[in-house]
Amino acid sequence: MSPKYTHAIVARISEALLESGPFDLKLAKRQHEQYCTLLRDIGLDVIELPPDDMLPEGVFVENCAVICNGVALICRSNNPKRRREAVSGSTNEEGVRAVAMAYPEYPVTPIRVNGSKRLKYYVTMAGPDVLCVSKSAPCQEIVKRMEREASFTYQKLTLPEETAANMLYINGTIVHRSPTEIPDAYKTLKEKIDIPTRNINISEFSQYSSGLTSSCLLLRRWKSIRSI
């Protein structure tokens with residue numbers, strides 16, 4: 001059963017992100033504002049953190065933390081420019097052990113991902129028990145590795161464009177990229193998906209991230225928490 005999210009944590013774009021490479025800063029900020037508005041429209045309480053020039057890639061908040069069942073695990077990036085965002089250090093193997101210790105109620109299995117992209121760039125959830133993947137060779141290789149290790153069989157939604165696989169599934173609604181970014185996948189989604197969908201253009205501010213998932217931390221407010 002998918003969790004019912006109540007809040008999303010985001011961070012505004014810092015001008016220091018220009019250090020990552022050339023892009024249209026004004027357009028990126030406008031797209032990010034639209035991203036936050038969409039999250040609110042879905043029904044989430046959006047907590048916006050201010051931009052910090054000491055954290056060029058701070059807008060990609062999901063890359064440095066995991067939140068599950070009321071427990072937040074803060075990670076230390078191997079990128080020196082991102083280390084101020086976190087409080088603990090680990091190697092990849094140590095990271096796997098840290099996740100397993102933080103969430104003992106879940107089995108934790110490491111999946112090797114070659115290259116610089118993260119796992120969620122290639123595989124995300126498209127509904128309860130449904131994985132969204134792409135037809136790209138790297139993605140299909142990752143899916144094979146996951147299927148070899150898995151004890152549960154997931155349904156798969158396979159999309160043409162590699163970037164289309166990164167989507168958000170929030171409280172029964174799928175959030176995916178705009179038709180101008182993923183024209184072929186957009187047609188597939190319209191044909192195969194029978195639950196509410198929303199699309200948004202993140203072409204500019206997502207250039208240096210995994211996509212939609214990188215820019216928010218989703219969480220559910222627990223009754224034991226008085227304030228966030």
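Throughout, read-outs are computed from the coordinates displayed, never taken from laboratory work. Keep in mind it's a predicted model, so treat the numbers as computed, not measured. Note that we place each Cβ from the backbone using ideal geometry, even for glycine, and neighbour counts take in every protein chain shown.
For Glu162, are the conditions met, namely being acidic (Asp, Glu), touching a Ser or Thr at 6+ places or on another chain (Cβ under 6 Å) and surrounded by 13 or more Cβ atoms within 10 Å (Cβ to Cβ)? The answer is yes for Glu162. Would you call Cys216 buried (at least 17 other Cβ atoms within 10 Å of the Cβ), within 24 Å of Ile13 (Cα to Cα) and in contact (Cβ under 8 Å) with a residue 24 or more places away in the chain? Judged against the criteria, Cys216 is a match. The residues in region 3-40 that are surrounded by 15 or more Cβ atoms within 10 Å (Cβ to Cβ), within 18 Å of Asp53 (Cβ to Cβ) and either in contact (Cβ under 8 Å) with a residue 24 or more places away in the chain or of a type in the set (Asp, Glu) (or both) can be counted, and the count is 11. Cβ separations smaller than 6 Å between residues 6+ apart or across chains give the following pairs from region 112-124 residues that are of a type in the set (Val, Ile, Thr) to residues that are surrounded by fewer than 16 Cβ atoms within 10 Å (Cβ to Cβ): Val113/Leu119.
When Thr163 is evaluated against the numbered criteria (1) in contact (Cβ under 8 Å) with a residue 40 or more places away in the chain; (2) in a loop (DSSP other than H, G, I, E, B); (3) out of contact with any Leu (no Cβ under 7 Å at 6 or more places or on another chain), which criterion, by number, is the only one it fails? Status for Thr163: all satisfied but (2). Please go through region 170-196 and give me each residue that is within 19 Å of Asp45 (Cα to Cα) and surrounded by 14 or more Cβ atoms within 10 Å (Cβ to Cβ), ordered by number. If the condition is that a residue be within 19 Å of Asp45 (Cα to Cα) and surrounded by 14 or more Cβ atoms within 10 Å (Cβ to Cβ), then Ile170, Asn171, Thr173, Ile174, Val175 are the ones that fit. For residues that are loosely packed, with under 14 Cβ neighbours inside 10 Å and in contact with a strand residue (DSSP E or B) (Cβ under 7 Å, 6 or more places away or on another chain), scanning just region 122-155, find the one that is farthest from Thr109 (Cα to Cα). Looking at residues that are loosely packed, with under 14 Cβ neighbours inside 10 Å and in contact with a strand residue (DSSP E or B) (Cβ under 7 Å, 6 or more places away or on another chain), I get Gln155.
Yes or no, residue by residue, for (1) under 15 Å from Leu212 (Cβ atoms); (2) assigned to a helix (DSSP H, G or I):
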position: Met125; (1), (2): yes, no
position: Leu131; (1), (2): no, no
position: Pro138; (1), (2): no, yes
position: Met146; (1), (2): no, yes
position: Ser151; (1), (2): no, no
position: Lys156; (1), (2): no, no
position: Tyr169; (1), (2): yes, no
position: Glu181; (1), (2): yes, no
position: Asp184; (1), (2): no, yes
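One residue is enough: does region 70-79 have a residue meeting the conditions touching a residue at least 40 places away in the same chain (Cβ under 8 Å) and among the polar types (S, T, N, Q)? Among the residues of region 70-79, not one is touching a residue at least 40 places away in the same chain (Cβ under 8 Å) and among the polar types (S, T, N, Q), which makes the answer no.
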